[in-house]
Amino acid sequence: MAAIEAHNLTKRYGTLTAVDRVDLTVEEGEIFGFLGPNGAGKSTMINMLLDFARPTDGRVEVFGMDCQRQSVATRERMGVLPEGYEVYDPLTGRQHIQFAMESKRVDGDPMDVLDRVGIADAADRAAGGYSKGMAQRLVLGMALVGEPDLLLLDEPTTGLDPNGAKAMREILTEENERGATIFFSSHILEQVEAICDRVGILSDGEVVAVDTIEGLRSAAKSGTKLLITVDDLDVVDLDAIEAVEGADSAWIDDERLAVNCSSAAKIDVLVALNDSGADVLDFTVEEPSLEDLFVEYTGGRS
Ligand SMILES: Nc1ncnc2c1ncn2[C@@H]1O[C@H](COP(=O)(O)OP(=O)(O)OP(=O)(O)O)[C@@H](O)[C@H]1O
């Protein structure tokens with residue numbers, strides 16, 4: 001059964017379409033990164049999963065249950081780090097975790113959770129005095145209580161220092177290893193690349209691509225640059241190289257042959273070169289960065 005399944009999911013605010021006919025399946029056990037520029041509709045999508053916002057059209061299910069009609073049952077399977085989370089200022093960190101444990105009817109020592117998210121030292125301080133990053137860690141700790149089957153995180157690393165972001169990645173990986181599905185939104189590409197099995201790219205409310213990072217790279221129109229050292233540059237036929245399907249341009253660059261091509265065309269370029277009588281001595285591949293892919297799919301909005 002899919003962890004998340006959206007069909008034709010649409011949310012309009014007046015004339016503005018924040019989420020536009022989204023069909024999306026996230027399988028159980030996946031780490032799925034939901035990527036998009038500011039205003040793309042990521043939070044709106046997450047808010048519909050949580051039933052904080054009602055779809056104008058279409059529907060979304062979590063573990064086969066409708067997020068609107070069975071919102072209590074779906075919420076019981078989730079741990080959530082929402083956008084604009086809040087802590088209750090007078091309560092300590094320990095009391096927050098205790099509260100989450102009581103609400104979810106879970107036994108355990110709150111200190112274990114606080115230790116895991118790196119704020120055990122501040123357990124008995126009022127959360128109103130926490131820094132933004134500490135408060136975020138605390139809300140993450142509350143989300144982890146009860147080993148939820150689905151962790152839903154809106155921009156989980158925003159506000160964290162580099163150590164905090166690394167710790168967040170480690171926690172998400174551990175949670176995934178115990179079997180949780182992870183769905184998180186981000187516009188920080190490196191975070192997504194570091195841990196995601198698959199990525200969905202949202203642009204102007206529409207899902208414009210869903211694939212692995214590798215798959216996105218292969219599907220990108222161009223962007224891979226091959227730099228090839230051959231025994232004799234004089235025998236290289238640039239027109240023949242450019243005629244290879246998926247090759248954009250070929251030129252001589254500092255005693256090497258340079259070719260811009262799709263990732264999938266790399267081998268064909270090498271074969272064509274060999275056919276023209278050139279011996280390949282060495283080659284390097286410069287793949288497009290995730291940032292390049294993001295710009296390609298979202299038309300440069302950020
Ligand atoms: N309650 C609302 N009323 C009116 N418009 C809204 C509301 N919530 C979101 N929007 C609009 O819907 C669009 C999508 O917003 P959303 O917050 O989902 O984007 P996002 O991808 O999460 O952006 P960011 O990365 O900046 O958080 C935006 O144009 C936003 O102004």
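Readers should treat all values here as calculations from the given coordinates under stated rules, not as data from a laboratory. Since the model is a prediction, treat every value here as computed from it, not as a measurement. Counting neighbours? That spans all protein chains shown, and the Cβs are built from the backbone with ideal geometry, glycine included.
I want to make sure I understand the PRE zone here: with the label point 7 angstrom from the Cα of residue 239 toward its beta carbon, which residues in the stretch 257-299 have backbone N atoms less than 16 Å away?
Of the residues in the stretch 257-299, 276 have backbone N under 16 Å from the label point off residue 239.
Please list 3J(HN,Hα) in residue order for the stretch 197-211, calculated via the Karplus relation 6.51 cos²θ - 1.76 cosθ + 1.60 where θ = phi - 60°; whole Hz, with x for glycine and proline.
Karplus-based 3J(HN,Hα) across the stretch 197-211 equals 6, 9, 10, x, 10, 10, 9, 6, x, 10, 7, 9, 6, 9, 5 Hz.
What percent does the relative contact order of the stretch 220-298 come to when contacts are Cα pairs within less than 8 Å and at least six residues apart?
Values: 139 pairs, mean separation 33.9, N = 79.
Relative contact order here is 43 percent.
For residue 131 and residue 16, compute 0.36 nm times the residue count separating them, minus their Cα-Cα distance, and round to one decimal in nm.
On the way: separation 115, 0.36 × 115 = 41.40 nm, distance 3.51 nm.
In short, 37.9 nm is gained.
Out of the DSSP beta bridges found with both residues in the chain, what percent are antiparallel (nearest 5)? Could the numbers behind the result be given before it?
Numbers: 38 of 56 bridges.
About 70 percent, rounded to the nearest 5.
For 211, 282, which order do you get if you count the other beta carbons within 10 Å of each Cβ and list the fewest first? Intermediate values should be presented prior to the final figure.
Values: 211 15, 282 9.
Final ranking by Cβ density, sparse to dense: 282, 211.
Which of the three applies to the stretch 1-47, rounded, prolate or oblate, going by the alpha-carbon gyration tensor with a ≥ b ≥ c and a/c under 1.5 meaning rounded? All intermediate terms of the calculation are to be shown ahead of the outcome.
Details: a/c = 3.13, a/b = 1.68, b/c = 1.86.
It is oblate, given that a/c is not under 1.5 and a/b is not larger than b/c.
Could you work out the relative contact order of the stretch 168-302? I mean the mean sequence separation of Cα pairs under 8 Å and 6+ apart, divided by the number of residues, in percent.
Computed over the stretch 168-302, the figure is 26 percent.
Cα extents of the stretch 1-108 along the three principal axes, largest first, in whole Å?
For the stretch 1-108, the Cα spread along each principal axis is 43, 32, 26 Å.
Counting just the Cα atoms, what span does the stretch 87-142 cover along each of its three principal axes? Round to the nearest Å and put the largest first.
28, 20, 17
Suppose we keep just the alpha-carbon trace of the stretch 220-298; what are its Rg and Dmax in angstrom?
12.6, 41
Dipole of the chain, Cα-centred, from +1 at each Lys and Arg C-beta and -1 at each Asp and Glu C-beta, to the nearest 20 debye?
For the chain, the charge dipole is close to 2060 debye.
Let me see the pair-distance distribution of the stretch 51-159: every alpha carbon pair, 10 Å bin width, integer percents in order.
Taking every Cα pair in the stretch 51-159, the percentages come to 14, 43, 30, 12, 1.
With everything on Cα atoms, drop me the angle between helix 93-103 and the longest principal axis of the chain, reported from 0 to 90° to the nearest 10.
Taking the Cα atoms of the chain, the angle to 93-103 is about 80 degrees.
By count of other Cβ within 10 Å, fewest leading, how are 266, 225, 166 ordered?
Details: 266 20, 225 17, 166 14.
Lowest count first: 166, 225, 266.
What number, in percent, do you get for the relative contact order of the chain if the mean sequence gap of Cα pairs under 8 Å and at least 6 apart is divided by its residue count? Intermediate values should be presented prior to the final figure.
Details: 611 pairs, mean separation 57.5, N = 302.
So the answer I get is 19 percent.
How compact is the chain by the rule of thumb for globular proteins, expressed as Cα Rg over 2.2 N^0.38 Å?
Working: Rg = 23.8 Å, N = 302, 2.2 N^0.38 = 19.3 Å.
Rg over 2.2 N^0.38 Å, computed on Cα atoms: 1.23.
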